[in-house]
Amino acid sequence: MTPFAIALLIIVGVFLLESVATVLNSRSTAPRPPKGFEGVYDLDRYARSQEYKRTNSEFGLFQNILSLAALLAFWLLGGFGWLHEWSQTWQMNEILRGVCVIGLVGAVSSLISLPFSIYDTFVIEERFGFNKTTPRTFITDQLKSILLAVLLGGPLIAGVLWIFHTFDNAWLWAWGSLTAVTLLLSYLAPRFIMPLFYKFTPLEDGELQSAINVMAERCGFPVTGIYVIDGSRRSSKANAFFTGFGKNRKIALFDTLIDNHTTEELVGVLAHEIGHFKLRHIIQQMAFGILQTGLMLYLLNYFVTKPEIYQAFNVNPGTDLPVHFGIIFFMMLYGPIALILGIITNKLSRIHEFQADAYAAKATGTPKALASALKKLTADSLGNLTPHPMEVFLHYSHPPTPKRVAALEQMPVKPLDPAPAAAQGESA
C-alpha cells in the first residue's frame, strides 16, 4: 500500500469511526428520564434534552463532513504542493517561512470553522435558551483569540522549528521546552489570559464564603481567594474550578452556578474539586499529558525525515525537507494515536471523577449535596442522560451523571474530623 493510500485510509478511517459513534449516540434515547431524576427532569425538559443532543450530533456530523470534504479537495487538487511552491518564493528564512505556512493553514482552518461557531452560538444555543453572548462580545473574543495565537503560538512554533532544524534528537529538546512552556502557562493563564475573557470579582462576605472556608480548612486545603466569574455574559451554563499551585490557590465560581444552587450544593461541588487536588489527580493527569507530548514528538522526529510522506501530499521536498509541512501532515495523520491515548486518558479521568465524588461525600458528611448539584447541573445544561457506550468509551472524560449519582446514593460515608490545615499537609 502506498503512503498516499495509507494517509487517506487513516484520515477517512478516523472520520468514519467518529461518525459511527456520533450517530449511535444521537439514537441512544429512552422515553423517560432515569429513576431519581424526575424531580429535575420533567417530561418536557427531558424531551428538550434529547432534542438538544440530536441537534448537536447532527450539526457536529455535518461540520465534520464539510471539513473533511474541504481537506480532501485541497489535498487531491494539489493544494499542498501549490502552497509549498508558493512559499518558496517568499523572501524569508526557513524558520519564519515555516511559521507563516503553519499560521496560514491554521488561519484558513479557523475561517472554515467560524461560520459553524457562529451558527452554534447564535442559532443552536440561542434556540435552547443558553446563549447570552452578544455579537460584540463574540467578535471581541475572536479578536483576542487571534492576538493570543499570534503572540503565544507564533514564538512557540518558531521555537519548535528551530529545534528541529538545529539539534540531533530534536524531539528531546522540544519535549523539554514544551513541558517548561506548559507549566509556565498553567501558572500564568489564570492571572493574565483568563481575565482577558472573564471578569473575576471577589466573593462577598456571607454564608457561602464562610461555608467554603470551613470546608477548605477541614480538608487541609487553604485558599487565598474566592472569586465570582461573569459567565452569564456568554452562556447560562455553569462551572467552577480552582487555579494556582502550592499555597497560591484560588476558587472560581461562575455566577450562573451561584444563582442556581444552594450553599450546601456549592460546597459539595467545591469539595469534589478539592478531592482532585488531595488525591493527586491533577499531578497524575499532568504527568500523563507530558508523557503523551513526549511520545508525539518522538514520532514526529521520525515522521519529518521521510520524503515519501511529503510526496503523499503532493509536496516534492527536494534535498531539504520542509519540516513545517512535515508537522502539518503529521498532525493530520496523528488521529489514530490521539484516539487511543484519548481513550486511556478519558478512562483514567472517569475513575478520578468517581474518586473525587467519594472524597466530596466524605468531606461534606453527606453524598446528597453533590448528588443534588450534579442533577441540577445536568438538567440546567440539558445534559445527555442516555449516552451510547461507544461515545462514552471514546470521548467522555466524566462518567454519565446517572452513574455518578447512583454511586453517591449508595455510598456509606463518615465526615472528616475537623482538623487544622497545617495538620493535613499539602498534596497539590
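Would you check which residues across the stretch 354-384 are under 27 Å from Ser26 (Cβ atoms) and surrounded by fewer than 21 Cβ atoms within 10 Å (Cβ to Cβ) and list them? Selection gives Phe354, Lys376, Asp380, Ser381, Gly383. Taking every residue in the stretch 182-203 that is in contact (Cβ under 8 Å) with a residue 40 or more places away in the chain and pairing it with any residue that is part of a helix (DSSP H, G or I), at least 6 positions away or on another chain, the pairs with Cβ-Cβ distances below 6 Å are Leu196/Lys144; Leu203/Gln209. Set side by side, the residues Arg97, Arg32 differ, and just one is of a type in the set (Lys, Arg) and assigned to a loop (DSSP other than H, G, I, E, B), which is Arg32. Take the stretch 153-188 and flag every residue that is of a type in the set (A, V, I, L, M), within 24 Å of Arg97 (Cβ to Cβ) and out of contact with any Phe, Trp or Tyr (no Cβ under 8 Å at 6 or more places or on another chain). Leu156, Ile157, Ala158, Val160, Leu161, Leu178, Val181 - these are the residues of the stretch 153-188 that are of a type in the set (A, V, I, L, M), within 24 Å of Arg97 (Cβ to Cβ) and out of contact with any Phe, Trp or Tyr (no Cβ under 8 Å at 6 or more places or on another chain).
With respect to being under 30 Å from Leu257 (Cα atoms), surrounded by fewer than 16 Cβ atoms within 10 Å (Cβ to Cβ) and in the same structural domain as Lys53 (by the TED database), Ile351 fits the description.
Could you identify the single residue in Ile124, Ile95, Ile146 that is among the β-branched types (Val, Ile, Thr) and free of Cβ contacts under 8 Å to residues at least 60 places away in the same chain? Just one listed residue meets the conditions, Ile146.
Reported count of residues in the stretch 208-219, each being more than 12 Å from Arg249 (Cα to Cα) and crowded, with 19+ Cβ neighbours inside 10 Å, is 5. Pairing each residue of the stretch 1-12 that is free of Cβ contacts under 8 Å to residues at least 60 places away in the same chain with any residue that is outside any helix (DSSP H, G or I) and not hydroxyl-bearing (Ser, Thr, Tyr), provided the two are 6+ apart or on different chains, yields C-beta distances under 8 Å for Leu9/Met1. Pairing residues of the stretch 29-40 that are assigned by the TED database to the domain that holds Thr378 and surrounded by 12 or more Cβ atoms within 10 Å (Cβ to Cβ) with residues that are β-branched (Val, Ile, Thr) and assigned to a loop (DSSP other than H, G, I, E, B), at Cβ distances under 8 Å and at least 6 apart in sequence or on separate chains, gives Thr29/Thr386; Pro34/Thr386. Exactly one residue out of Asp357, Asp380 is modelled with pLDDT under 95, acidic (Asp, Glu) and assigned by the TED database to the domain that holds Gly294: that is Asp380.
Here Thr182, Thr133, Thr121 are screened, and the one residue that is in a loop (DSSP other than H, G, I, E, B), under 29 Å from Phe242 (Cα atoms), within 21 Å of the chain's Cα centre (by Cα) and not aliphatic (A, V, I, L, M) is Thr133.
Each row is one residue, and each column tells you yes or no for (1) among the acidic types (Asp, Glu); (2) not in a helix (DSSP H, G or I).
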| residue | (1), (2) |
| --- | --- |
| Leu72 | no, no |
| Glu85 | yes, no |
| Thr89 | no, yes |
| Val101 | no, no |
| Phe116 | no, no |
| Lys144 | no, no |
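When Ser26, Ser49 are checked against the criterion of being in a helix (DSSP H, G or I) and free of Cβ contacts under 8 Å to residues at least 60 places away in the same chain, Ser26 stands alone in meeting it. Among the residues of the stretch 293-327, the ones that are β-branched (Val, Ile, Thr) and surrounded by fewer than 19 Cβ atoms within 10 Å (Cβ to Cβ) come to 3 in all.
Taken over the stretch 7-29, the residue count meeting the criterion of being of a type in the set (Gly, Ala, Ser) and more than 22 Å from the chain's Cα centre (by Cα) is 3. In the set (1) over 25 Å from the mean Cα position of the chain (by Cα); (2) more than 21 Å from Ile11 (Cα to Cα), Pro115 fails one condition alone, (1).
Taking strands (runs of 3 or more DSSP E) as the structural unit, those lying wholly within the stretch 217-324 and holding at least 1 residues that are polar (S, T, N, Q) and out of contact with any Ser or Thr (no Cβ under 6 Å at 6 or more places or on another chain) correspond to 240-243. For the stretch 1-46, the candidate set comprises residues that are acidic (Asp, Glu) and under 17 Å from Thr378 (Cα atoms); within that set, the residue that is modelled with the highest pLDDT is Asp44.
The values are calculated or read from the model by the stated rules, or taken from the named source; none is laboratory data. Keep in mind that what you see is a predicted model, and the values were worked out from it rather than measured. Using ideal geometry, Cβ is built from the backbone for each residue, glycine included, and neighbour counts are taken over all protein chains shown.
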